[in-house]
Amino acid sequence: MRWDNLAESPVENPATAGDTALFSTSAVTTRTFDTPEFRGITFHEIRARSILNRVPGASRMPFEWTVNPYRGCTHACVYCFARKTHSYLDLDTGLGFDTQIVVKINAPELLRRQLASPRWQGAHIAMGTNVDCYQRAEGRYQLMPGIITALRDRANPFSILTKGTLILRDLDLLRQAAEVTEVGISVSVGFTDRELWRTVEPGTPSPERRLDVVRTLTDHGIGCGVLMAPVIPFLGDHPDQLRATVRAIAASGATSVTPLVLHLRSGAREWFMQWLGQHHPHLVRRYERLYAEGAYAPKWYQRRITRQVHELATEFGIGPTDRAAPRRIPPPPEAGSEPQTEPQTEPEQLTLL
């Protein structure tokens with residue numbers, strides 16, 4: 001495994017100048033846990049040197065900064081675009097991505113220190129956009145409470161995208177943060193077909209449980225959107241499936257629904273196509289034609305899905321949220337430091353999984 005002098009992947013450049021290594025070999029501890037939920041999974045605990053990652057300007061991401069406390073994900077979604085990031089560690093992007101999890105155990109303390117830097121201007125920070133910060137490992141390592149607390153204490157705007165129900169553990173912290181800064185929460189539910197869920201998202205909570213998260217957050221005054229992602233061609237895109245999914249999303253009280261068609265980047269593409277050949281061999285040629293031009297489905301297909309979902313959203317009464325913007329209270333400057341500028345605002349609704 002390649003640990004030394006490892007910088008973050010192309011979409012995760014360290015926010016700080018100087019040492020670009022992610023961590024050193026001496027900082028790695030490898031653990032396994034003989035419990036049913038973690039059997040067969042190896043955790044590589046590291047002390048990271050940077051936790052704020054800048055997204056390149058050429059990216060399609062609608063945000064500039066991310067925090068990713070984990071690499072690899074036990075959700076084991078066969079389509080996950082983040083699989084490629086495991087290749088930078090010389091780890092397998094298939095089964096290795098699902099079972100070899102890197103844990104940045106010092107993420108909360110490191111984030112608190114970086115947010116306090118005079119160089120930090122309080123920009124919006126997105127979480128859960130690479131791998132899920134509320135995957136099963138979070139139940140053991142409990143990094144997110146410290147991360148949210150650090151953001152709350154600096155009144156720094158942030159958003160979270162997740163498939164995990166564990167986010168409800170941090171409900172009180174999220175409510176506290178929403179009182180002082182802008183907090184955007186999105187839950188990912190691409191479909192409600194249980195058979196499809198069991199095969200393509202085997203390590204995730206069911207779509208119904210995820211929609212219960214939306215309902216609970218909304219009931220507690222935290223508006224929650226749904227990223228309807230991915231819409232999987234020929235498996236989850238039938239009009240009846242789209243209708244059932246949007247109807248369930250509307251019933252959960254979601255403030256918005258944003259469809260996103262499956263995209264197959266290098267790393268994910270190979271693993272997904274292998275799965276497709278095993279489970280739906282008759283679709284392999286259709287996928288090869290649909291994705292012949294690259295990682296993204298053709299524009300005409302994406303527009304068709306977007307139009308259908310938007311029409312259904314209108315039918316079921318899902319519209320833009322009208323809740324008042326949360327207050328943003330800048331923290332007092334630390335002794336000897338320069339005052340922080342007003343945090344920059346970013347759209348709450350994430351549009352890329």
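The values are calculated or read from the model by the stated rules, or taken from the named source; none is laboratory data. Predicted model only: the values in this text are computed from it and were never measured. Every residue, glycine among them, receives a Cβ derived from its backbone with ideal geometry; neighbour counts consider all protein chains shown. Just so you know, the surface numbers come from the protein's heavy atoms only, side chains and all, with ligands and any DNA or RNA stripped out. Shrake-Rupley method; radii C 1.70, N 1.55, O 1.52, S 1.80 Å.
Counting only strands (runs of 3 or more DSSP E) that fall entirely inside region 113-188 and contain at least 2 residues that are of a type in the set (Gly, Ala, Ser), the qualifying elements are 183-188. Given the condition within 30 Å of Pro36 (Cβ to Cβ), among the polar types (S, T, N, Q) and open to solvent by less than 10 Å² (accessible area, probe 1.4 Å), answer yes or no: does some residue in region 179-201 qualify? Yes, some residue in region 179-201 is within 30 Å of Pro36 (Cβ to Cβ), among the polar types (S, T, N, Q) and open to solvent by less than 10 Å² (accessible area, probe 1.4 Å). So in region 257-288, with the set limited to residues that are more than 17 Å from the chain's Cα centre (by Cα) and of a type in the set (S, T, N, Q), which one is farthest from Gly223 (Cα to Cα)? This residue is Gln278.
Got at least one residue in region 70-85 being over 25 Å from Glu195 (Cα atoms), surrounded by fewer than 24 Cβ atoms within 10 Å (Cβ to Cβ) and over 13 Å from the mean Cα position of the chain (by Cα)? Within region 70-85, one or more residues are over 25 Å from Glu195 (Cα atoms), surrounded by fewer than 24 Cβ atoms within 10 Å (Cβ to Cβ) and over 13 Å from the mean Cα position of the chain (by Cα). In the condition set (1) β-branched (Val, Ile, Thr); (2) under 30 Å from Pro118 (Cα atoms); (3) open to solvent by less than 10 Å² (accessible area, probe 1.4 Å), Thr162 is compliant with all but (2). Within region 90-108, restricting attention to residues that are touching a Gly at 6+ places or on another chain (Cβ under 7 Å) and under 16 Å from Ile51 (Cβ atoms), the residue that is least open to solvent (accessible area, probe 1.4 Å) is Val102. When region 119-137 is filtered for residues that are surrounded by fewer than 23 Cβ atoms within 10 Å (Cβ to Cβ), farther than 22 Å from Glu45 by Cα and in contact with a Phe, Trp or Tyr (Cβ under 9 Å, 6 or more places away or on another chain), the ones remaining, listed by number, are Ala123, His124. Of the set (1) over 17 Å from the mean Cα position of the chain (by Cα); (2) of a type outside the set (Val, Ile, Thr); (3) closer than 25 Å to Val257 by Cβ, all apply to Gly146 but (3). Within region 208-265, the only residue that satisfies the criterion of being assigned to a helix (DSSP H, G or I) and without any contact (Cβ under 8 Å) to a residue 12 or more places away in the chain is Asp240. Restricting attention to region 138-147, the residues being under 13 Å from Arg112 (Cβ atoms) and surrounded by 21 or more Cβ atoms within 10 Å (Cβ to Cβ) number 2.
Of all residues in region 51-69, those satisfying the criterion of being open to solvent by less than 10 Å² (accessible area, probe 1.4 Å) and polar (S, T, N, Q) are Asn53, Thr66, Asn68. For region 85-110, the set of residues classified as more than 14 Å from Glu270 (Cβ to Cβ), out of contact with any strand residue (DSSP E or B) (no Cβ under 9 Å at 6 or more places or on another chain) and outside any helix (DSSP H, G or I) consists of Asp90 only. Selection of region 258-294 for residues being closer than 12 Å to Phe81 by Cα and touching a helix residue (DSSP H, G or I) at 6+ places or on another chain (Cβ under 7 Å) yields His263, Leu264, Arg265, Ser266, Gly267, Ala268, Trp271. Number of residues in region 210-222 that are open to solvent by 10 Å² or more (accessible area, probe 1.4 Å), closer than 19 Å to Thr258 by Cα and of a type in the set (D, E, K, R): the value is 2. If the condition is being assigned to a helix (DSSP H, G or I) and open to solvent by less than 30 Å² (accessible area, probe 1.4 Å), then region 292-316 contributes Tyr301, Ile305, Val309, Leu312, Ala313. When region 253-270 is filtered for residues that are over 15 Å from Ile305 (Cβ atoms) and surrounded by 23 or more Cβ atoms within 10 Å (Cβ to Cβ), the ones remaining, listed by number, are Ala254, Thr255, Ala268.
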